[in-house]
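Comments concern the structure below.
The values are calculated or read from the model by the stated rules, or taken from the named source; none is laboratory data. For clarity, every value in this text was computed on a predicted model and none was experimentally measured. Every residue, glycine as well, gets a Cβ built from its backbone with ideal geometry; the counts of neighbours run over all protein chains shown.
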Amino acid sequence: MESFTKLFGSLLVFVCHCFDRIVINGYLEHLSRPGQVVHFFREVLGIRAITKEALGKRTAEYRRWVEAFARKQGIPMQWAEKRVRKEDFVLPYLKKMEKQNRYGVYFIFQSMEQGATFRSTAPRFPVEDPDYRILAQQRSRFMHYYFYIRDEHLGPMVIRVATFLPFQTTYYLNGHSFIEAELKRCRIAHRKDDNAFLSVADPAALQAAADRLTAEVIRKSLDRWTLIVGPKFSKREQHSINVRRAYYVHQIEYCRNFIFKRNFPIHKLFERSCELLHGGTQIAGWSTRQIHEAVLATFELSSDKYSLNQLRYDLRKLKAHGLLQRDGKRYAYRLSDKGASVALLFLFFHKQLCGPLANSRFHHRPNEKHHPNSRIEAAYRKADAAIQQVVDLLAA
């Protein structure tokens, strides 16, 4: 990035760096293991048999509270639809809250998703304690709530809450939203489009605002909203166990923002980057269909001559030889380090050796009486003789 700044410094208005997307997981550490749940139900709640119904009671209580909260506050709540981007759907509700200069929850989505929970089963063989149950951790599909919130300090954020014990939470934040809230609080004129700052009256103030996003600031807001929208615990339960959540960073993106004086340079840089990306190993990986289309277009083949199933077979062979690798869990492929080396080897071989040799075979043969004092010419003569020897052996 320093080299980029040196190369294009004269074309830039200002440069800032900040956190972008932040994803944080929250855990009730004293309710995350089976033994802790057993202690909570038996010693704190006085429930001896930790049955499926006993576990489900906490879920039912929380769901009733959320429904009453949404109804009392006039917050729209509905099931998330497939192939509908949640952020785009709730944007009008966020704009309405911003126009009214209000803070709080402005939308609640319900979604069936996989999450961590506990399974209660009776023992297969008789035991002395009739209330004894086997409690085990498992992942299953159940309802989660997505609370869309406009926070005074962090800006727009989302909290995902599981409705089954151990009530795990996930928080989605954005550093650019925090900066925007800080600039508004300091009354610094700026212009922002989606996730990019296009102009600011005081660039130094923008960077200072980005630097004020600390763990303490984030924790304070997360604690507040978790208390408001999260599962409820009585005072007795709070005195018996620690119900404060522990937060762990799941994903964090750090970015540098380069603001150009004009659009033309960045457009050209973007076009060139796309060309390099298309011609390279592709950061995001190539899907099988993308590879198939590229092969057909490059070699002018029809899908009848080279089908998708044939490509899948070839991809499996390349993967077995370590030339390709899967892009995480996605059905997309990229060149491995070995594959990139082999591809470069073939590229250089084709351009530096095969091309000149093929040209000599079809257009003119090297003159046996002409021996220029050149190492390249001598190498070509040696290679030509070797190829001729292979051709003669095949002909025989």
inquiry  = Looking only at the stretch 118-157, filter to residues that are in contact (Cβ under 8 Å) with a residue 24 or more places away in the chain and among the aliphatic types (A, V, I, L, M); which one of those is nearest to F233 (Cα to Cα)?
reply    = M143
task = From the list Q138, Q110, pick out the single residue that is of a type in the set (S, T, N, Q) and loosely packed, with under 11 Cβ neighbours inside 10 Å.
result = Q138
remark   = Exactly one of A246, A209, A205 is among the small types (G, A, S) and farther than 28 Å from N25 by Cα, and that residue is A205
message = Out of G56, G35, G26, I need the residue that is in contact with a Leu (Cβ under 9 Å, 6 or more places away or on another chain), assigned by TED's automatic domain parsing to the domain that holds A208 and more than 25 Å from H250 (Cα to Cα). Which one?
response = G35
message = Looking only at the stretch 198-228, filter to residues that are more than 24 Å from I252 (Cα to Cα) and in contact with a strand residue (DSSP E or B) (Cβ under 6 Å, 6 or more places away or on another chain); which one of those is surrounded by the most Cβ atoms within 10 Å (Cβ to Cβ)?
response = V200
query = If you go through the stretch 271-280 one residue at a time, do you hit one that is among the hydrophobic types (A, V, I, L, M, F, W, C), exposed (fewer than 11 other Cβ atoms within 10 Å of the Cβ) and either assigned to a helix (DSSP H, G or I) or at pLDDT below 90 (or both)?
reply = yes
remark   = Going through the stretch 79-91 in order, the residues found to be free of Cβ contacts under 8 Å to residues at least 40 places away in the same chain, closer than 17 Å to F147 by Cβ and part of a helix (DSSP H, G or I) are E87, F89, L91
